[in-house]
Amino acid sequence: MEPRNEELDVPNLTDWLNTPLAGLMPVEQAFRCHVCKDFYNSPMLTSCNHTFCSICIRRYLSTDPTCPLCRAKVEEVKLRGNWALREAVDAFVQARDTLLQVARKPVAAPSPPKRKAAEYDETHTDGRENKRHRMSTRSRRVKGGEVTAAMMREEYDAIESDDSTYSEPDDGLVACPICQKRMKVNQVDPHLEASCVGPPDEQSSSASRSRGNPNSNSRSARPAVQISPQKTRPERLPALAYSMIKDGALRKKMAELGLSTAGSRPMLERRHQEWVIIWNANCDSAKPKKRFELLHDLEVWEKTMGTRAPTSSRAAILGAQIKDKNFDREGWANKNKNSFQDLIANARRTRNQVEKQNREASEEQQKDSEKQRHEQLPEVMDLTGPSSQPEGKYKAEGKSKAEVEGEGESKVEMDIPLDEGFHPADYSPEPPHYGILEQPKEMQYVPHQGPVPPGNAEMPIQSKPTFLPQ
Amino acid sequence: MAQSTAHRRLLQEYRALTNNPGPEGTPFEGGVFPAELRFPKDYPLAPPSMKFLGEVWHPNVYPSGLVCISILHPPGDDPNHYEHASERWSPIQSVEKILISVMSMLAEPNDESPANVEAAKMWRDRRGEYEQKVRDGVRRMLGL
């Protein structure tokens, strides 16, 4: 299945490939969960020092209590939030759109060769010093000093133009990469050291950031460091030992939690388990969602994995409904009357087509076998003698009747006039040889037919080896 | 945006694969091996299954085309009793890793517990005939 185009517009670490900032690919990879391949959402540290999204690791531990990376035993209750990583991820996500815009500005420099993520050994820090660092790694990677100047130019361009329509005035000056103040090239460094006042217009840049990422707005509202976390945190739910709990008790518990109690017992267990996972993962979040939002998440689960999941196909679900004893047969028949009729008409049409094809095929066959027989004709005549000729003609008609009753070739004679490609002369029983030709075949069919014309009774035995239609 | 975890994750992998199509310079570069990957609803918790659509004569490929390698087996069950848990499926694996594993499997069959016993015997005892048969199969698949 080919994903739709708009779906493909998800931020992916390969966005950095073929840009001057390809070095950010491993950075981004470090900020992404190994399980869901998305940016860490409430990253949790395991006792083996690996990190996963809270919901990813909780879900995995519900199937297998080991670390997905190193397979060490991991207890869910021992997971600890990795808050520093959470801050780093949030910061990177916020900066990502702007960085990508910068990276995607057309450059004169050749793009670095494609490489696999694992091969990257350089790592980058983010933040202000990033600029200098990035330049040095790039000049290491892109061979040839002549491109460095072009890249520096591009870099200044890119940083100053948050909106792409901005065009640089041709005044022989350059803008400070931070505060956009214009000055001579050699003044930039001292200015950066001493007098730069910082970004001039925070708003415009944050607006451009939030364009591609709906989450970034709310995230940027959060203070960089949480000084007083844990105001009123929701309490984590305990896991249930499902084998120890009776149906009624489980239903009661789920009703208390406000969950649906539809479905079989295994479905109830899975739903409860999923709710516990969603709920507990939410408890790890810096910005816990509201209960109704979590219920919506459970709804998504229900549609994809739960009771309302497409079990195998739409047809299978319908099939299950139809087999139900309370099924409204009348209503169903009325509702689908038209489709039933269409289906019947279709079936008739295809059957006719198939029959027609069979007919044509059998005609071909007949032609072929006639040719064969034609070659063998002298022998036939020797066997049957001239006296059998009239009988042959008579039997040709009898034979067609026999075939109508029996074989797939049955309707050859009957329907031939309808066929455009057919030339009756070719198949007419009138040509004198036809009767003779038909005779051996006839002999073969006669025994199955019942009344055997006298005088021909022994013939099949003699003629069979020679005239058996293949 | 009602997207399941499996859906989102597969989108990520699809993008990564289309933008960065794996290693180059293997002996199989240029060969075309049409295959079908089927993903379960709880992907990536459970592994996908992989089936070659053409004819692949290989000790670790069932005559039906189904690929039998450890990375496609969940850690819980070990049908062949020789795989290390560390080689088997884990949600940190990905389509890319599967394809890499399959490429190395094609080059270096594992005949310890073959899926195609005949192919494994031929590979062990009559390597020349095996290679000829594989080459013929590849050529047929390319329509040559």
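Could you count how many residues in the range B:23-44 are facing chain A (nearest Cβ under 8 Å) and either within 20 Å of A:M25 (Cβ to Cβ) or at pLDDT below 70 (or both)?
1
Considering only residues that are within 11 Å of another protein chain (Cβ to nearest Cβ) and surrounded by fewer than 20 Cβ atoms within 10 Å (Cβ to Cβ), which ones fall in the range A:20-31?
If the condition is that a residue be within 11 Å of another protein chain (Cβ to nearest Cβ) and surrounded by fewer than 20 Cβ atoms within 10 Å (Cβ to Cβ), then A:Q29 is the only one that fits.
Could you list all residues from the range A:35-50 that are surrounded by fewer than 22 Cβ atoms within 10 Å (Cβ to Cβ) and in contact (Cβ under 8 Å) with a residue 12 or more places away in the chain?
Hits for the range A:35-50 are A:C36, A:D38, A:F39, A:N41, A:L45, A:S47, A:C48, A:H50.
Would you say B:Q12 is within 11 Å of another protein chain (Cβ to nearest Cβ), within 25 Å of A:D64 (Cβ to Cβ) and either surrounded by fewer than 16 Cβ atoms within 10 Å (Cβ to Cβ) or modelled with pLDDT of 85 or more (or both)?
no
Could you please find all residues in the range A:51-107 being assigned to a loop (DSSP other than H, G, I, E, B) and β-branched (V, I, T)?
Answer for the range A:51-107, where residues must be assigned to a loop (DSSP other than H, G, I, E, B) and β-branched (V, I, T): A:V74, A:V107.
What are the pairs with Cβ atoms under 9 angstrom where one residue, in the range A:10-23, is under 11 Å from B:Q12 (Cβ atoms) and the other, located anywhere, is assigned to a loop (DSSP other than H, G, I, E, B)? Sequence gap at least six, or different chains.
A:V10/A:D38; A:P11/A:D38; A:P11/A:N213; A:N12/A:K37; A:L13/A:F31; A:L13/A:K37; A:L13/B:N20; A:T14/B:N20
Give me the pairs: first residue in the range A:238-263 and under 18 Å from A:N280 (Cα atoms), second residue small (G, A, S) and modelled with pLDDT under 90, beta-carbon distance under 8 Å, and six or more apart or on different chains, which are they?
Close Cβ pairs satisfying both conditions: A:M254/A:S260.
Would you check if there is a residue in the range A:102-114 being farther than 30 Å from A:V188 by Cα and either open to solvent by 60 Å² or more (accessible area, probe 1.4 Å) or at pLDDT 90 or above (or both)?
Checked the range A:102-114: at least one residue is farther than 30 Å from A:V188 by Cα and either open to solvent by 60 Å² or more (accessible area, probe 1.4 Å) or at pLDDT 90 or above (or both).
Take A:L61 and decide whether it is at the interface with chain B (Cβ under 9 Å from one of its Cβ atoms), open to solvent by 10 Å² or more (accessible area, probe 1.4 Å) and not polar (S, T, N, Q).
Spelling it out, it is not the case that A:L61 is at the interface with chain B (Cβ under 9 Å from one of its Cβ atoms), open to solvent by 10 Å² or more (accessible area, probe 1.4 Å) and not polar (S, T, N, Q).
The values are calculated or read from the model by the stated rules, or taken from the named source; none is laboratory data. Bear in mind that the values here come from a model prediction, so they are computed numbers and not experimental data. Heads up, the Cβs are rebuilt from the backbone with ideal geometry, glycines too, and the neighbour counts pull from every protein chain shown. Note: accessible area is taken over every heavy atom of the protein model, side chains too, but ligands, DNA and RNA are not part of it. Shrake-Rupley method; radii C 1.70, N 1.55, O 1.52, S 1.80 Å.
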